[in-house]
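Worksheet: the structure to be examined is printed underneath.
We did not get these values from a lab; they are worked out from the coordinates using the rules stated. Everything numeric in this text was worked out from a predicted model, so none of it was measured. Every residue, glycine as well, gets a Cβ built from its backbone with ideal geometry; the counts of neighbours run over all protein chains shown.
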Amino acid sequence: MRASLGELLAKCSGAAIDTVSPGGYEVLSVRIPLQGAMVWAVSDSEPYTSHMDLNKRPSFWYASGDSLHFSDGQSIPSRLGALRKRFPGALLRADNVDDTEGSYVVTCGSPQVSLILGYLPELNDTSASRLDARSLPDTLSFWKIRIDTLGSPTDPALREVCVRAPVT
């Protein structure tokens, strides 16, 4: 996680330069194939450029696959229903405006991991709420997972959603 983009290219078997779309535009990344998963280390290069500073660390990461886990070792569910069962109080951020990644879910225990639903179903607002407060089909799957680098600011709505009830 602390390696530069160039180090990732040199040290990771099968790594290659690729592009990804954080939302409405493309940026360069280093694609790393893993058993049961694909990971992209995303450059903070300007959108649509053909140059990446290989000495920089990734700005954030994307991941997809069936072998992904939270930092506590629990597997990341591929469908919304399974996530809702395990984390009913997670944050759902409706975000279907232009040039965004789409709506996403963030758990209180892993605020740096966003499970992106994309644009379906169409959530016609840009609100933040508890996941269990919105009726969405349990069969929805996450189309990609974004992992922010350590030190990145978390969604401010997490402060309200993740508040623990006082013990009485």
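For the stretch 64-93 versus the stretch 2-47, the inter-centroid distance based on Cα atoms is 23 Å. Net charge in the neighbourhood of VAL105 (other residues with Cβ under 15 Å of its Cβ; Lys, Arg +1, Asp, Glu -1) is +3. Site pair LEU136 and CYS108 shows an inter-label distance of 1.8 nm when each label is modelled 7 Å from Cα along Cα→Cβ.
Per-residue ellipticity at 222 nm computed for the chain from its helices equals -2500 deg cm²/dmol, with DSSP H segments shorter than 4 residues left out and the rest contributing -39,500 (n - 2.57).
Can you tell me how the chain classifies by the Cα gyration tensor, rounded, prolate or oblate, using a/c under 1.5 as the rounded cut? Prolate, since a/c reaches 1.5 and a/b exceeds b/c. Summarising the label geometry, the points placed 7 Å from Cα in the beta-carbon direction at ASN55 and LYS11 lie 1.8 nm from one another. Give me the log10 of I(q) over I(0) for the stretch 1-74 at q = 0.14, 0.18, 0.21, 0.28 Å⁻¹, as the Debye formula computes it from C-alpha points; what are the numbers? For the stretch 1-74 at q = 0.14, 0.18, 0.21, 0.28 Å⁻¹, log10 I(q)/I(0) is -0.43, -0.69, -0.91, -1.34.
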